[in-house]
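Visitor: Sharing a structure below in C-alpha cells format, with a few things to ask.
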Amino acid sequence: MSTNNIPHVAPERLPELLKAIPKAELHMHIEGSLEPELIFALAQRNGVSIPYASVEELRKAYAFTNLQTFLDIYYAGASVLLQEQDFYDMAWAYLERAATDNVVHTEMFFDPQTHTARGVPVKTVIDGLHRACVDAKDQLGVSAALILCFLRHLSEEEAFAVLEESLPYRDKFIGVGLDSSEVGHPPEKFARVFARCRELGLHLVAHAGEEGPPAYVWSALDVLKVERIDHGVQSSKDPALMARLAKDRVPLTVCPLSNLKLCVFPDLKQHNIRTLLDAGLVATINSDDPAYFGGYMNENWLQTFAATGLDARHAWQLAANSFEGSFIDASTRKVYMDRLDQAFAQFA
Ligand code: HPA
Ligand code: ZN
C-alpha cells in the first residue's frame, strides 16, 4: 500500500481509524509520563516532600508559557524517583497506556543526569526502565527501547561523565539524544561527546528547532550527525533546510500537543504538521511528555487531525513514517507495515 492506493475511509470513521492503526512512538520522555497521582504515591513511598498539597494543586500548576516554565516543574516532579522499582513503575504505567493506543513500538528518552544529580546511580535508572521494556515485549506485545539524553543546559564534560557511567549498561540503550533548555545551548556544544557516541555505534538524535532557530537543526545534522531531529518544527522557516530534510529523508519527531502547551504555536489549527508532510518530510506525531501536555499518543493524533483537517492518507503516511523513522530492523519494519495495511483494509 502507498498513499496512492489506500482505501477510501468515510470521514466520520476517521477517529476510529486513527485509534486502531498500529504506530511507533519516537519522541517521549519517560519522566514526562509521570502522572500527578504517581508523583504523590512515590513521594509517600520514598518520604520525599513536594511543594504541592494535592494532586489537583499540582495539576493546576501545569500552565506553561514556554519550554523553561515546563522544565522547572518537570524536573521537580522527577525528584520522587529514587529506587529501581520507581523507574519500573513509571515506565510500566506508560507502556500499558501506550499499548491501549496501539503503539506497537516505542523509543523512550530518559534523562540520567536528572537522577544522578540527586545521588541515584545510573544503574538504578537503567535497570528499572529496561526491566519494564522486557516485560512490555512479553506481556503487552510492545517493543520498547531506551535513548539516553544529555541535558544541554549542563556542560559537555558532564555529558561525558554520565556517558562513562552508563557504558557498563551499553546493551540496555540504543542511542543518545539531547534535550532540556534549547535556546543558548546549540547542538555544537556537544560535538565531541556525540562523535564519541558515534564511534561507539550508538544511534544519534537531538532536539532542535523546537524553540531554537533553523541554524540549530543544521548543526544537529552537520555537526552532531544525528539520524533524526526531535521537534524540528522551526525548519519550515528555512526553505533550503526543508529541501535537505526531504532529500535525505531525515525523520522529524513532531509533538503537536507539546507545541500547543508550550506556546510554540498559538493554536493547534496553526500547527505546521501539514506543511511538513506536504513538503515530503518524514514527519511523525508523538506525545513528548504526555502527563504534562494533556494527551498520550492517540489524543495527539485525534486533536491534530481534527484541528488541521488531515485525512486518512495523512494517517497512513504518518504511521508509515513512524516505522521508517524508528531504529527497528528491516524484517520487523515489514511486519509492522503489513499490520498497518491490514488495519486500513478493515476500514475500506
Ligand atoms: N524539549 C526539551 N527538553 C525536554 C522536553 C522538550 O520538549 N521534554 C522533556 N525534556
Ligand atoms: Zn522532547
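Visitor: How many angstrom lie between the Cα centre of the range 104-132 and the Cα centre of the range 30-99?
Guide: Here the two parts' Cα centres lie 14 Å apart.
Visitor: Roll a 1.4 Å probe over the protein chains and send me the accessible area per residue for the chain in Å².
Guide: Details: 13210 Å² over 348 residues.
Solvent-accessible surface per residue comes out at 38 Å².
Visitor: Using Cα atoms only, what is the angle between the long axis of helix 297-308 and the major principal axis of the chain, expressed in degrees (0 to 90) to the nearest 10?
Guide: So the helix axis and the longest Cα principal axis differ by about 50 degrees.
Visitor: Helix 67-77 versus the longest principal axis of the chain: what angle, 0 to 90°, nearest 10, using Cα atoms?
Guide: 50 degrees
Visitor: Per q in 0.27, 0.31, 0.34, 0.36 1/Å, what log10 I(q)/I(0) does a Debye calculation on the alpha-carbon atoms of the range 263-302 return?
Guide: With no solvent term, the Cα-only Debye profile gives -1.08, -1.13, -1.13, -1.12.
Visitor: In the structure displayed, which of K225/K247; K23/K237; K23/K137 lie more than 19 Å apart, Cα to Cα?
Guide: Details: K225/K247 15 Å; K23/K237 28 Å; K23/K137 15 Å.
From K225/K247; K23/K237; K23/K137, over 19 Å: K23/K237.
Visitor: Rounded to the nearest 500 deg cm²/dmol, what is the calculated helix-only ellipticity per residue at 222 nm for the chain, with -39500 (n - 2.57) per DSSP H run of length n ≥ 4? Mind showing how you got there, number by number?
Guide: On the way: 17 runs with 172 residues, N = 348.
For the chain, the value works out to -14500 deg cm²/dmol.
Visitor: Ok, one more. So if I average 1/r over every pair of distinct C-alpha atoms in the range 158-234 and take the inverse, what Kirkwood radius in Å does that give?
Guide: Details: mean 1/r = 0.0796 Å⁻¹.
Here the Kirkwood hydrodynamic radius works out to 12.6 Å.
Visitor: Return the tail of the calculated pair distribution for the range 7-124, meaning the percent of Cα-Cα pairs more than 21 Å apart.
Guide: Numbers: 3321 of 6903 pairs.
Taking all Cα-Cα pairs of the range 7-124, the fraction more than 21 Å apart is 48 percent.
Visitor: Continuing with this model, one more query. Expressed as a whole percentage, what fraction of the accessible surface of the chain belongs to carbon and sulfur atoms when a 1.4 Å probe is rolled over the protein heavy atoms? Could you put the intermediate results ahead of the total?
Guide: Values: 6950 of 13210 Å².
Carbon and sulfur: 53 percent of the exposed surface of the chain.
Visitor: Taking the Cα centre of each part, how many Å lie between the range 207-262 and the range 167-184?
Guide: Cα centroid to Cα centroid, the span is 18 Å.
Visitor: For the residue pair E157 and I50, what label-to-label distance in nm results when each label sits 7 Å from Cα along the Cα-to-beta-carbon direction?
Guide: 3.4 nm
Visitor: Scan around M108 for amide H atoms under 5 Å from its own, H built in the peptide plane at 1.01 Å from N, and keep only partners 5 or more places away or cross-chain.
Guide: For M108, the qualifying residues are A145, L146, I147.
Visitor: Sticking with this one: Where in the range 41-58 does the label zone of Q83 land, with the point 7 angstrom along Cα→C-beta and an amide N cut-off under 17 Å?
Guide: 41-49
Visitor: Can you work out the PRE-style zone for A345? Point 7 Å along Cα to Cβ, and I want the residues of the range 7-32 with backbone N under 19 Å.
Guide: 7-10, 17-18, 20-23
Visitor: Each label point is 7 Å from the Cα along the Cα-to-Cβ direction; what then is the distance between the points at A117 and A246, in nm?
Guide: Here the modelled spin labels are 4.0 nm apart.
Visitor: Something else now. Largest first and to the nearest Å, give the Cα extent of the range 196-308 along each principal axis.
Guide: Result for the range 196-308: principal-axis Cα extents of 41, 30, 20 Å.
Visitor: Can I ask one more? Hey, how much of the P(r) for the range 18-58 falls beyond 11 Å, as a percent of Cα pairs?
Guide: The answer is 73 percent, as a whole percent.
Visitor: Obtain the radius of gyration and the Kirkwood radius of the range 13-346 from its C-alpha atoms and give Rg over Rh.
Guide: Details: Rg = 18.6 Å, Rh = 19.9 Å.
Answer for the range 13-346: 0.94.
Visitor: To continue, here is another question. Checking the cross-link filter: which lysines have an alpha carbon closer than 20 Å to that of K123, excluding same-chain neighbours under 8 positions apart?
Guide: By straight Cα distance, K123 reaches K172.
The values are calculated or read from the model by the stated rules, or taken from the named source; none is laboratory data. No experiment lies behind these values; they were computed from the predicted model shown. Neighbour counts run over all protein chains shown; Cβ positions are idealised from the backbone, glycine included. Note: accessible area is taken over every heavy atom of the protein model, side chains too, but ligands, DNA and RNA are not part of it. Shrake-Rupley method; radii C 1.70, N 1.55, O 1.52, S 1.80 Å.
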